[in-house]
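Reviewing the structure listed below.
The values are calculated or read from the model by the stated rules, or taken from the named source; none is laboratory data. Source: prediction; values computed, not measured. Neighbour counts are summed over all protein chains in view; Cβ atoms, including those assigned to glycine, are modelled from backbone coordinates with ideal geometry.
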Amino acid sequence: MADEKLTNRWLMVAAALVMQLCLGVLYSYSVFRGPLMKEVGFTVKEAGYPLMASFFFFAVGMIVAGRWQDKAGPKKVALFGGVLLAIGCVLAGVLYKTVGGLVFAYGILGGLGVGFAYVTPIATCIKWFPDMRGTITGLAVFGFGAGTLVFGPLISKLVTSSGIQNAFFTVGAIMLVGVCGAGSMFKVPPAGYKPAGWNPPAASATSVTKADWSPNEIIGNGQFYVLWLIYLFGAAAGLMIIGQAVPIGVEVAKLDPKVAAAGLGTMALLNGLGRLVHGSISDKLGRKNTVILCFAEYLVAFLLLLPNADTFTKWLVGICIVGFSYGGYLAIMPSMTADYFGTKSLGANYGYLFTAWGIAGVCGPFMIDAIKSSTGAFTNAMYYISAACVAGIVLVFVSKKPEFKGA
């Protein structure tokens, strides 16, 4: 195929890594929280509102962008997302002294920008790599998990040297160049594209399958909701603990907050590696078996390690397992969406499924705080989360490639 010779599909992966590394700045917002509380006088809750808003609008942006990019292609959508994210960061620098202004700029505009851009490299890479969907998706989203390792220290230095406002301005400029530059490289493969030497698996002779499902078709199929609940439980379990890793270390392991904060970088690295490792494993072990593995890893952390984390090492190993397992869902679920519902409308279909992550990101922190407040300890929350993990494993056994019943 001419286009296959002209386009090296690994360029799509390189561009995806650059873009996702930039988009990972979303997780680095916590670096701003302390300076905002000190300079502007925000409370802990007020300083957290922009991040919660960004998670919600990240998911909203995914839905809209997914439908748009399936029709217009990934390049236009990625460029729009990069510009929107850059505007959000710059406006955040202008409006950072008010909670409402920061929620609008960073939370709404920034979150939407990330959502628009985030879906494009995933859908693009899966279409170019039908022979290794899990591995490539894990590689593509690795940057998002590891982005905080780059932008966390950078933002901290910028805030210290030039102040909150200029830090937001600088991040906006980086987003404009990095996200838009990477997005300009995206293109979809030609119709009927197959990598050399690869043939799609044969369809089952005992059931009626459908190669590509539209968004309207998937929301009328029960298997979509099974996947949605699996994603909800997997994402919520990780986000609850990741967001409270330092307080858990202080409460359970009696760590100094600064000592506990020092372990977050290691957890972030394992979050990124979890995407690479689980995505690759899923190509060999199978998606469903790999999701069960992720839930099992959670159970080891929630039942054995974190409740008994009386030392820094036990606590660190526990939160790193959580980060590692959580990363797996971000790599596996896009591939499962493609496996079950095809790639033609993958952007929109995964956008719908990603609402599970959005709800987990918004509701998860409230849930663990409520359980902690009502029971008096974070360890009690881990037992509730463990029950959700067991439910997730049961749902995996129920999950299967859907049969098409016809129009």
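Things worth noting here:
- Answer residue from the stretch 246-263, given it is modelled with pLDDT of 85 or more and closer than 30 Å to LEU395 by Cβ and is farthest from the chain's Cα centre (by Cα) among those: VAL252
- Single condition PRO402 does not satisfy, out of (1) under 22 Å from the mean Cα position of the chain (by Cα); (2) buried (at least 17 other Cβ atoms within 10 Å of the Cβ): (1)
- Extreme residue, farthest from the chain's Cα centre (by Cα), among residues of the stretch 139-163 that are surrounded by fewer than 20 Cβ atoms within 10 Å (Cβ to Cβ) and among the β-branched types (Val, Ile, Thr): THR160
- Counted residues, the stretch 218-237 - those being within 18 Å of ASN289 (Cβ to Cβ) and either hydroxyl-bearing (Ser, Thr, Tyr) or outside the structural domain of CYS363 (by TED's automatic domain parsing) (or both): 1
- Residues satisfying the stated conditions in the stretch 215-236, i.e. of a type in the set (S, T, N, Q) and buried (at least 16 other Cβ atoms within 10 Å of the Cβ): ASN221, GLN223
- For the stretch 267-310, the tally of residues that are closer than 22 Å to PRO402 by Cβ and polar (S, T, N, Q) stands at 3.
- Top-ranked residue of the stretch 369-387 - restricted to ones that are polar (S, T, N, Q) and within 28 Å of the chain's Cα centre (by Cα), ranked as nearest to LYS45 (Cα to Cα): SER373
- Selected residue [buried (at least 23 other Cβ atoms within 10 Å of the Cβ) and of a type in the set (Gly, Ala, Ser)] from ALA377, ALA356, ALA370: ALA356
- Test: residue in the stretch 386-395 that is at pLDDT below 90, surrounded by fewer than 17 Cβ atoms within 10 Å (Cβ to Cβ) and at negative phi: no
- Matching residues, the stretch 7-30, being within 12 Å of ALA146 (Cβ to Cβ) and either basic (Lys, Arg) or at pLDDT below 90 (or both): GLY24, VAL25, TYR27, SER28
- Filtered residues of the stretch 9-66 (kept if free of Cβ contacts under 8 Å to residues at least 24 places away in the same chain, outside any helix (DSSP H, G or I) and of a type in the set (A, V, I, L, M)): none
- Look at (1) at positive phi; (2) crowded, with 21+ Cβ neighbours inside 10 Å and you find that GLY73 fails only one, number (2).
- THR375 being outside the structural domain of ALA78 (by TED's automatic domain parsing) and under 22 Å from PHE295 (Cβ atoms): no
- If the condition is being among the β-branched types (Val, Ile, Thr) and surrounded by fewer than 16 Cβ atoms within 10 Å (Cβ to Cβ), then the stretch 175-190 contributes only VAL177.
- Residue ID - surrounded by the most Cβ atoms within 10 Å (Cβ to Cβ), chosen from residues in the stretch 88-118 that are farther than 12 Å from VAL171 by Cβ and among the β-branched types (Val, Ile, Thr): VAL114
- For first residues located in the stretch 186-207 and closer than 15 Å to GLY342 by Cβ and of a type in the set (Asp, Glu), partners that are assigned to a loop (DSSP other than H, G, I, E, B) and at pLDDT 75 or above and lie 6+ apart or on another chain with Cβ distances below 8 Å do not occur.
- Test: residue in the stretch 78-99 that is at pLDDT below 90, under 24 Å from TRP10 (Cβ atoms) and part of a helix (DSSP H, G or I): no
- Taking the stretch 245-292 as the range and being basic (Lys, Arg) and surrounded by 21 or more Cβ atoms within 10 Å (Cβ to Cβ) as the test, the residues that pass are ARG275, ARG287.
- The residues of the stretch 339-369 that are modelled with pLDDT of 80 or more and of a type in the set (Gly, Ala, Ser), listed by number, are GLY342, SER345, GLY347, ALA348, GLY351, ALA356, GLY358, ALA360, GLY361.
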